[in-house]
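Single-structure report; data block below.
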Amino acid sequence: MTPRLLFAALGLVALTLPAHADGEVQKLITAADKARLDKYGETRKALEEAKAGNPSEVEQLDGLLAKPIVAFSDKDLTGNWKCRTIKAGGISPLVIYGWFKCKVTDDGSGWRLTKISGSQRTTGRFFDDGEKRSIYLGSFSVNDDKAKPYGSGPESDQVGYAFRNSATEWRIEFPAPYYESKLDIMEFKR
């Protein structure tokens, strides 16, 4: 087998491995995204800046953040979801976008997310990070542009922590996104 074919075959094997807390995420995550997760607590200070936003949007954000965090283990996230992005800090104190369509699938290696409507898209997968938190590694794209593979660079790479609030609600918090804000929160509801 030529080195090029061997490398491609190994790449396919790596894509089919299970997404469990076995250290796989540590092998895939970029140094820049690891640094963003390491500064997650500090980045969440953008929520204080958000308090200067529109009072009705601040109330919505506060309501979301007040919800309890529950375990992922007893629920399946697969299926269709409505989703919206909340941007805290940065260009504006707080911006809450309207609802769009997202879908979670399970390809045998774990949950995969695709935002399927709206101009700003994401696609990626989740990795276990304890009972009540998962790590999301994804790729940002615009409109119907094809998403680049994760690891393609800071303009498209996304990293975040996912938290479940109930059987019908969960969110991903993206520290230090490349564009516009200091913290993005993608909220999901059924």
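Annotations for the structure displayed:
- Count of region 90-148 residues which are of a type in the set (Lys, Arg) and within 14 Å of Glu187 (Cα to Cα): 4
- Enumeration of residues in region 90-112 that are more than 29 Å from Gln26 (Cβ to Cβ) and at pLDDT 95 or above: Ser92, Pro93, Leu94, Val95, Ile96, Tyr97, Gly98, Trp99, Phe100, Lys101
- If the condition is being assigned to a loop (DSSP other than H, G, I, E, B) and of a type in the set (Val, Ile, Thr), then region 93-123 contributes only Ile116.
Let's see how each residue does on (1) modelled with pLDDT under 95; (2) more than 18 Å from the chain's Cα centre (by Cα); (3) surrounded by 12 or more Cβ atoms within 10 Å (Cβ to Cβ):
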position: Ala21; (1), (2), (3): yes, no, yes
position: Val25; (1), (2), (3): yes, no, yes
position: Ile29; (1), (2), (3): no, no, yes
position: Arg36; (1), (2), (3): no, no, yes
position: Arg44; (1), (2), (3): no, no, yes
position: Glu48; (1), (2), (3): no, yes, no
position: Gly53; (1), (2), (3): no, yes, yes
position: Glu57; (1), (2), (3): no, yes, yes
position: Gln60; (1), (2), (3): no, yes, yes
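- Residues that are open to solvent by 10 Å² or more (accessible area, probe 1.4 Å), touching a residue at least 24 places away in the same chain (Cβ under 8 Å) and in contact with a strand residue (DSSP E or B) (Cβ under 6 Å, 6 or more places away or on another chain) within region 138-148 comprise Phe140, Ala147, listed in sequence order.
- Of the residues Lys115, Lys87, the single one that is modelled with pLDDT of 95 or more, buried (at least 20 other Cβ atoms within 10 Å of the Cβ), closer than 26 Å to Lys27 by Cβ and charged (D, E, K, R) is Lys115.
- Enumeration of residues in region 72-87 that are part of a loop (DSSP other than H, G, I, E, B) and not aromatic (Phe, Trp, Tyr): Ser73, Asp74, Lys75, Asp76, Leu77, Thr78
- All positions within region 126-148 that are in contact with a helix residue (DSSP H, G or I) (Cβ under 9 Å, 6 or more places away or on another chain) and among the charged types (D, E, K, R): Asp128, Asp129
- Residue check, Phe100 in contact with a strand residue (DSSP E or B) (Cβ under 6 Å, 6 or more places away or on another chain) and in contact (Cβ under 8 Å) with a residue 24 or more places away in the chain: no
- Lone qualifier among Phe174, Phe126, Phe163 - being surrounded by fewer than 22 Cβ atoms within 10 Å (Cβ to Cβ) and either without any contact (Cβ under 8 Å) to a residue 12 or more places away in the chain or outside any loop (DSSP other than H, G, I, E, B) (or both): Phe163
- One residue alone among Gly90, Gly151 is outside any strand (DSSP E or B), within 20 Å of Asp62 (Cα to Cα), out of contact with any helix residue (DSSP H, G or I) (no Cβ under 6 Å at 6 or more places or on another chain) and in contact (Cβ under 8 Å) with a residue 12 or more places away in the chain, and that residue is Gly90.
- The condition (being of a type in the set (Ser, Thr, Tyr) and under 22 Å from Pro93 (Cα atoms)) is satisfied by just one residue among Tyr136, Tyr179, Tyr150: Tyr179.
- Failed item in (1) within 18 Å of Gln60 (Cβ to Cβ); (2) in contact (Cβ under 8 Å) with a residue 40 or more places away in the chain, with Thr168 passing the rest: (2)
The values are calculated or read from the model by the stated rules, or taken from the named source; none is laboratory data. Remember, predicted model here, so these are calculated numbers, not experimental data. In this analysis, Cβ positions are derived from the backbone assuming ideal geometry, glycine residues included, and neighbour counts consider all displayed protein chains. What goes into the accessible areas is simple: the full protein's heavy atoms, side chains included, and nothing from ligands, DNA or RNA. Shrake-Rupley method; radii C 1.70, N 1.55, O 1.52, S 1.80 Å.
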